[in-house]
Amino acid sequence: MSGPHSPSSQPRPARSDRLRSLAAAAARWTAEASYVRKWIVLGVVIGVIAGLGAVVFYEALKAATHLFLTTLAGYTVPTPFGEGNVAPGTGPARPWALPLIAAGGALLGAILVFRVAPEAEGHGTDAAIAAVHHNPRGVRFRTVLVKIVASALTIGSGGSGGREGPTGQISAGFGSLLARVLELSPEDARVAVSTGIGAGIGAIFGAPLGGAVLAAEIIYRDDLDPAALLPSFIASGVGYAVFGAVEGYGALFGAHGSTDFTAPANLPWFALIGILGGLVGLLYARGFYGLHDLFGRWGAPRWLKPALGGALVGAIGIVMPEVLGTGYGWIQHGLGPGLATMPLWIVVALPFARILATGLSIGSGGSGGIFGPGMVIGAFIGAAVWRLAEPVFPGIGADPAPFVIVGMMCCFGSVARAPLAVLLMVAEMSGSIAAIEPGMIAVGLAWLIVRRTEVTMYRSQLPDRDHAPGRRLLGDVPLLEGEPVESAMGEPRLLLGDHLSVGEARLALAGAGLDAAPVVDRDRRFEGTINAAALLAGDADEDVRPLVDAGAASVPLDSTIDVAVDALASGDSTFVTVLDDDRRVLGTVAIADLAGAYRRELRARADAGAAPAPA
């Protein structure tokens, strides 16, 4: 084993040592705390950050919308009940400026993303889901900051996008930070990140119950994670309490209907909405990713593509301003008598125009969510059914709200593969418990249509828990389940000091014939890992610390091989580092070490006369 390469003679600042000691103490408390105590504390902390992050993004988006659309375009953007209930006006005073404004905002956001944090591209929720499954400790803090600004620029300038992607990624990023600082196990790290997703989305939509269920449901196509459910109840409730304390409480779209369902004769119409919602949901997913892949094949610079998409959305907005921004104000308009005054062609065409606009805005590489546009699409499916049916069948009632609400529930709930969560969220956002009964029928039909395919709005979703990377890898080495990690641990071939230059680290890695190695401080405490690809991208004379992956997988010595396998499968590294209670490196576990431990266990069982379990 090699010690840290060229030990540092520079003492570390006392402040850094104090922070390190506090983090170590917090990590020890988390490791020793009971399940209930641990997740009450972590849930509250994640919830507070989720609520504050939602406030920051909400205010940033409001400011960007006022600057770009209200001031520059002269457009009074309609807003929902919970955000002022501004009614639609006569349209932009300067419609010719919309393509320039939307292109400019998207261009500024794209330049920021691709220069600082390329992983902030797109709708955000998919990246957070990918982090849950593959690298829950690896979400960079800069990604969160870039996502806030870039999404505010893209949506505020007229891009068709929602607020859930940025807010979910903000709190998911904080969950990832907690996982790193507190040395959470891979399972707890995944729960922390998925809890952050649900808490952020539940907070900004004023739907804490739906947000909590979303945290457990959204990471799989046909399954849910019960481990994330109860922590998410705490985090989502706290997040909404914090957000509401600043921005106000109440349903986003106001209260619609009573608590009792009283129109069973309309159930066939809601069933029709469910069928249409499933079909249009499939069109939304395929259309969005079709445009996403089309832009991906285009050889133009990546930062230029969102600008072109924004210009095209602005051009559509000249004729149909309903496609601009989040569109929540138009949902509010459709929930009341204003729907009867909207041109019928707008009501019928808006779902398809939103699909196109969202693909151009976010599928081109712009930053924003796809949940919000999905609600607009679904709302106007229900609105179109009501508008077309009511003159012929007046018995369906003069109130379009139930049709609009059920449309919101079924369209995105089915194609997001989160039917229960979206059903609950829309009921909370519309203050309509009565809509749950017809919503169940519509959502069930829409989900059955979508489930026959593998289509989903979130490509990072796994089919179910059996496809989780750690579980699949452990299935290849079943004899090791429950064995202490020490039985598979090997000596680290190289430890790199955190004081090295990039050039020195390159030479050390090359000399050892390795692609990556742990990085430690002067006391052999683990700082993260670094790989050859990162070193090649750096300047030889620069300090190595900025290139260290602080979210790299590590496990404590008293853990089992199950945990090490889970950590190995959830990250990008070819090994996982084993640490003592003071975060000092004791060894590493790589795939070859697992194979060696498996062979030893087989031999031991054979010598003892025990039949080995099937692989």
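The values are calculated or read from the model by the stated rules, or taken from the named source; none is laboratory data. Predicted model only: the values in this text are computed from it and were never measured. As a convention, Cβ positions derive from the backbone with ideal geometry for all residues, glycine included, and neighbour counts pool all protein chains shown. These accessible areas exclude ligands, DNA and RNA; they are computed on the full protein's heavy atoms, side chains included. Shrake-Rupley method; radii C 1.70, N 1.55, O 1.52, S 1.80 Å.
Quick notes
- Number of positions in region 32-57 that are in a helix (DSSP H, G or I) and open to solvent by less than 70 Å² (accessible area, probe 1.4 Å): 17
- Check on residue 142, over 19 Å from residue 305 (Cα atoms), open to solvent by 40 Å² or more (accessible area, probe 1.4 Å), assigned to a helix (DSSP H, G or I) and touching a Gly at 6+ places or on another chain (Cβ under 6 Å): no
- Residue that is surrounded by the most Cβ atoms within 10 Å (Cβ to Cβ) [pool: residues in region 114-129 that are at pLDDT 75 or above and under 14 Å from residue 373 (Cβ atoms)]: 124
- In region 576-597, residue least open to solvent (accessible area, probe 1.4 Å) [restricted to those that are hydrophobic (A, V, I, L, M, F, W, C), under 20 Å from residue 533 (Cβ atoms) and out of contact with any Leu (no Cβ under 7 Å at 6 or more places or on another chain)]: 590
- With respect to the conditions (1) touching a residue at least 40 places away in the same chain (Cβ under 8 Å); (2) in contact with a Phe, Trp or Tyr (Cβ under 8 Å, 6 or more places away or on another chain), residue 161 lacks only one, and its number is (2).
- Put simply, of 251, 271 the only residue that is open to solvent by less than 30 Å² (accessible area, probe 1.4 Å) and modelled with pLDDT of 95 or more is 271.
- Residue 91 meets each of the listed conditions (1) part of a loop (DSSP other than H, G, I, E, B); (2) of a type in the set (Gly, Ala, Ser); (3) out of contact with any Phe, Trp or Tyr (no Cβ under 9 Å at 6 or more places or on another chain) apart from (3).
- Contact map, region 62-89: residues that are in contact (Cβ under 8 Å) with a residue 24 or more places away in the chain and over 14 Å from residue 322 (Cα atoms) paired with residues that are hydrophobic (A, V, I, L, M, F, W, C) and in a helix (DSSP H, G or I), Cβ distance under 7 Å, separation 6+ or inter-chain. Pairs shown: 64/152; 64/153; 68/101; 72/97; 72/101; 73/97; 73/98; 73/101.
- Scanning region 322-331 finds one or more residues that are of a type in the set (A, V, I, L, M, F, W, C) and more than 30 Å from residue 116 (Cα to Cα).
- Cβ-Cβ contacts under 7 Å between residues 6 or more apart (or on different chains), taken from a first residue in region 92-116 that is closer than 16 Å to residue 357 by Cβ to a second residue that is open to solvent by 40 Å² or more (accessible area, probe 1.4 Å) and of a type outside the set (S, T, N, Q), are listed as 95/318; 98/318; 99/315; 101/72.
- Filtered residue count, region 58-88, keeping only those that are assigned to a helix (DSSP H, G or I), among the hydrophobic types (A, V, I, L, M, F, W, C) and open to solvent by 30 Å² or more (accessible area, probe 1.4 Å): 5
- Residue 180 of a type in the set (Lys, Arg), touching a Gly at 6+ places or on another chain (Cβ under 7 Å) and open to solvent by 20 Å² or more (accessible area, probe 1.4 Å): yes
- Residue match in region 152-166 (condition: part of a helix (DSSP H, G or I), modelled with pLDDT of 85 or more and either within 14 Å of the chain's Cα centre (by Cα) or among the aromatic types (Phe, Trp, Tyr) (or both)): no
- For region 531-548, a residue qualifies if it is exposed (fewer than 12 other Cβ atoms within 10 Å of the Cβ) and more than 16 Å from residue 516 (Cβ to Cβ), and the qualifying residues are 539, 541, 546.
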